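The values are calculated or read from the model by the stated rules, or taken from the named source; none is laboratory data. Quick caveat: nothing in here was measured; it's all calculated off a predicted structure. Reconstructed Cβ throughout: ideal geometry from the backbone, glycine too, with neighbour counts over all protein chains shown. Only protein heavy atoms, including side chains, enter the accessible area calculation; ligands, DNA and RNA are left aside. Shrake-Rupley method; radii C 1.70, N 1.55, O 1.52, S 1.80 Å.
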Amino acid sequence: LSDFDPQNISNIVYVISKYRFIKLIKPLSMQVIEMLVMEIIERSRNYRNGLGDFNSQHLSNIVYSIVKLKSFKEIRLIMLEVVKIIAKEIVDRSNNDRNSLDRFNSQEIANLVWSFSKLCLMNNKLFPFVKNALKVFIEQILTRKFVGFNSQEISNICWAFANLNNKNKELYLLVATE
């Protein structure tokens, strides 16, 4: 797996999440996901730049796919570990370079916000690990003023923050003007 680039890893995780209900492949799929997740964890700890080779689309696809793989209960803990690592990666990128989040398009932001929220609803112990990433995305959304966001993305973001009981008035005023 060390030869796989981030695109390969995120694509495989995504494809398995799309076909997760096919009973014949579920045991094999779970093994593959477990190996890929362990590879992501390994890279985050041992590579010089952590997950720096993973772009915004890779990160978004992986977290979104983990939500869809919720039926893989046997490996849930290591999947949640990857979510924590990705949330930290987003915050670190923001802290190191404020413009780094400009590389996240509206769909990636909406998918990550929705996915983080959905995962927190499934496991409330995850919230402390993703709250700073969510704050970073609120700042990004307020800066962009939803320019480039479609109605589905805005709706998903509103749903996510409402379900997390986020009471950011600026965000909701921005939505009201859309």
**Asked** How much solvent-accessible surface does W159 expose, in Å² to the nearest 10, with a 1.4 Å probe and all protein chains in place?
**Response** 90
**Complete:** For R45 and K145, extending 7 Å from Cα along the Cα-Cβ vector and measuring point to point gives, in nm, a value of 4.6
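Report the relative contact order of region 30-145, percent, no decimals, based on alpha-carbon pairs under 8 angstrom and at least 6 residues apart.
31
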**Asked** What translational D, rounded to a whole number of µm²/s, comes out for region 15-132 from Stokes-Einstein when the hydrodynamic radius is the Kirkwood one over Cα pairs, at 10 °C and 1.306 mPa s?
**Response** 108
**Asked** What FRET efficiency would be calculated for the residue pair L121, R98, taking the C-beta separation as r and a Förster radius of 22 Å, to the nearest 0.05?
**Response** 0.15
**Prompt:** When the chain is fully extended, how far beyond the present Cα-Cα distance does K70 get from S2, taking 0.36 nm per residue of separation?
**Reply:** 21.9 nm
**Request:** Any chance you could give the angle, 0 to 90 degrees and rounded to 10, that helix 56-68 forms with the longest Cα principal axis of the chain?
**Result:** 70
**Request:** Taking only Cα atoms and a 10 Å spring cutoff, compute GNM fluctuations for the chain and point out the largest among V67, V37, V136.
**Result:** V136
**Request:** Answer with one residue from G52, N96, L171: the one whose Cα lies farthest towards the positive end of the charge dipole of the chain, charges on Cβ with Lys, Arg +1 and Asp, Glu -1.
**Result:** L171
**Asked** Taking a threshold of 22 Å on the Cα-Cα distance, which of the pairs K26/K125; K125/K169; K68/K169; K26/K73 fall above it?
**Response** K26/K125; K125/K169; K68/K169
**Asked** Looking only at Cα atoms, what is the convex hull volume of region 57-119 per residue, in Å³?
**Response** 69
**Request:** With no solvent and one equal point scatterer per Cα, compute the Debye intensity ratio I(q)/I(0) for region 89-176 at 0.12, 0.22 Å⁻¹ and report its log10, rounded to two decimals.
**Result:** -0.32, -1.12
**Prompt:** About its Cα centre, what dipole magnitude does the chain give when the only charges are +1 on Lys and Arg Cβ and -1 on Asp and Glu Cβ, stated in debye to the nearest 20?
**Reply:** 620
**Request:** Binning at 10 Å from 0, report for region 1-77 what percent of all alpha-carbon pair distances ends up in each bin.
**Result:** 19, 54, 24, 3
**Item:** Helical mean residue ellipticity (222 nm; -39500 (n - 2.57) per DSSP H run of 4+; nearest 500) of the chain
**Value:** -23000 deg cm²/dmol
**Asked** So for the pair V175, K26, with labels modelled 7 Å out along Cα→Cβ, what separation do we get in nm?
**Response** 3.5
**Prompt:** What angle, in degrees between 0 and 90 and rounded to the nearest 10, separates the Cα long axis of helix 151-163 from the longest principal axis of the Cα atoms of the chain?
**Reply:** 90
**Fill in**
Using alpha carbon centers only, region 100-178 is separated from region 1-50 by a whole-angstrom value of 25
